[in-house]
Amino acid sequence: MASLNYTTRLANLQNRKFDRELKESVTSRSFGTGQVPEDVKYLLESMHPIDKKYNDKTLLAASRVQTHLESGLKLHFDRVYRTQGSVKTDTNIRAHSDFDLLTIIDKYFYPQIYPSNPYTQSDPNVDIKELRIQATNILKKIYDKVDDSHEKCISIINKSLDRKVDIVFGYWYNSEKYEETKHERNDEYYRGIYFYKFPNGPKYSKADFPFAHIYQVNEKGDSTKDGLRRAIRLLKNLKADSEVEIKNLKSFQITSIAYPIDEKDLTYKPGNELHIAKSVSNQMQKIIENPAYRKSIKSPNGTEYSLANDDLVPDIINLKRDLDTLIEDATKDIVGSYAIERAILSY
């Protein structure tokens, strides 16, 4: 079994959790103590959440972009704004986590019950291109760093908050289920978004359902007392620190690995971090050994088979190898050591 350099990994983890604007670390108060061995500390800290006050700065950066846009846009249609990203599910592993501000045309929508948008007063392709052009011009007058080279979004850096925000443009997609339940639910769980491929389209052929994803992850995160989120953070940190590049496995696929695990095997209480890690390893083993099971796993919002691509398997194998090494190393230090077990409970 491969060895892991925990000194280097802890340094990397600390760097990810350092808020440059406040010049302070987001790590646990116990991070700097010598009460627990490095392998155990890496296990605990990889699961530990980013404090709310740092995530609030990310939300504030997106809110400021929205304010700038609304004060400058001159268009014949209204806009609405939503946010998405791991900050919304508290599964981010960086103090300076990237964040999406969804900027959505609010004059019309694409209904599931029609083959095309019945709106004819203007051309949606022209509308969304003009929205992006004006947004880019507005933001370039305010922010020093504006990247408009991406086909799906433009990106800004808020220097005062030291946060990156991606501004993503789209149209509403109203599913039949959304129309049936929108008054009853009073939310956008079943409402999707069509994103646009700039500069000349077309819109993506499949709608995204980010609000259903956020809802599902947060609901299970709460019902497992943060256990699901801790499992996701652990895998994300292992991926970030892997000595082998894990390039195909994205964050939403990591979430799809952990999400199906039974709640009883994910529910968190201080001291059972190893149990959660072993549950994740067992799930990954099942995914690796059983292609039919892997291909049957849906994303938390139920809209896609997010692990169906065979190219993901080598990444999952590499990630599991490091997870299993961490489990083995931490188990050797924890089992039989009352002092370490007590230190874990107060970490």
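The values are calculated or read from the model by the stated rules, or taken from the named source; none is laboratory data. The model shown is predicted, which means the values in this text are computed figures rather than measured ones. Cβ coordinates were reconstructed from backbone atoms using ideal geometry, including for glycine residues, and neighbour counts include every protein chain displayed. With ligands, DNA and RNA removed, areas are computed over all heavy atoms of the protein, side chains included. Shrake-Rupley method; radii C 1.70, N 1.55, O 1.52, S 1.80 Å.
Odds and ends about this structure:
- Note on residue 342 and residue 150: their simple-model spin labels are 4.9 nm apart, each label 7 Å out from Cα toward Cβ.
- Karplus-derived HN-Hα couplings along the range 234-242 (A = 6.51, B = -1.76, C = 1.60, θ = phi - 60°), whole Hz, x at Gly and Pro: 4, 5, 5, 5, 4, 5, 4, 9, 4
- Accessible surface, per residue, of the range 205-347 when the full set of protein chains is kept, probe 1.4 Å, Å²: 45
- Averaging the sequence gap over all C-alpha pairs within less than 8 Å and six or more residues apart, then dividing by the number of residues, gives the chain a relative contact order of 18 percent.
- The length gained by stretching the chain between residue 21 and residue 60 to full extension, at 0.36 nm per residue less their Cα-Cα distance, is 12.7 nm.
- Rounded Å value of the spacing that divides the Cα centres of the range 80-123 and the range 1-41: 35
- Short to long, the 5 Å bins of the Cα pair-distance histogram for the range 174-293 hold 2, 10, 15, 16, 16, 15, 12, 9, 4, 1, 0 percent of all pairs.
- Global form of the range 78-125, assessed from the alpha-carbon gyration tensor, a/c cut-off 1.5: prolate
- The amide H of residue 169, built 1.01 Å from its N in the peptide plane, has 103, 196 as neighbours under 5 Å, considering only residues 5 or more places off or on other chains.
- All-pairs alpha carbon distance profile, the range 1-97, 10 Å steps from 0, percent: 13, 36, 25, 14, 8, 3, 0
- Helical content alone sets the calculated 222 nm signal of the chain at -15000 deg cm²/dmol, taking -39,500 (n - 2.57) per DSSP H segment of four or more residues and averaging over every residue.
- Loop-located chymotrypsin sites (Phe, Trp or Tyr not before Pro) across the range 126-214 with a Cβ neighbour count of 15 or fewer within 10 Å are 204, with loop assigned by DSSP.
- Taking θ as phi - 60° and the Karplus parameters 6.51, -1.76 and 1.60, the scalar couplings of the range 302-308 work out to x, 9, 8, 8, 6, 10, 5 Hz in sequence order, x denoting glycine and proline.
- For a straight C-alpha distance cut-off of 13 angstrom, the aspartates and glutamates reachable from residue 140 (same-chain residues fewer than eight places away being disregarded) are 148.
- Checking the cross-link pairs 236/320; 17/52; 164/203 against a 23 Å limit on the alpha carbon distance flags 164/203 as lying beyond it.
- Counting only protein heavy atoms and a probe of 1.4 Å, the accessible surface of the range 143-286 is 45% carbon and sulfur.
- Calculated FRET efficiency for the pair residue 288/residue 134, C-beta based, R₀ 51 Å, to 0.05: 0.60
- Correct option for Rg/Rh (Cα atoms, Kirkwood Rh) [calculated from the coordinates] among (1) 0.93; (2) 1.10; (3) 1.00: (3)
- For the range 101-117, Karplus couplings with θ = phi - 60° (6.51, -1.76, 1.60), whole Hz, Gly/Pro x: 9, 7, 10, 10, 5, 10, 8, 7, 8, 9, x, 5, 7, 10, x, 8, 5
- Note on residue 275 and residue 206: their simple-model spin labels are 3.6 nm apart, each label 7 Å out from Cα toward Cβ.
- Distances between placed amide hydrogens fall under 5 Å for residue 110 paired with 172, 173, 174, all partners being 5 or more residues away or on another chain.
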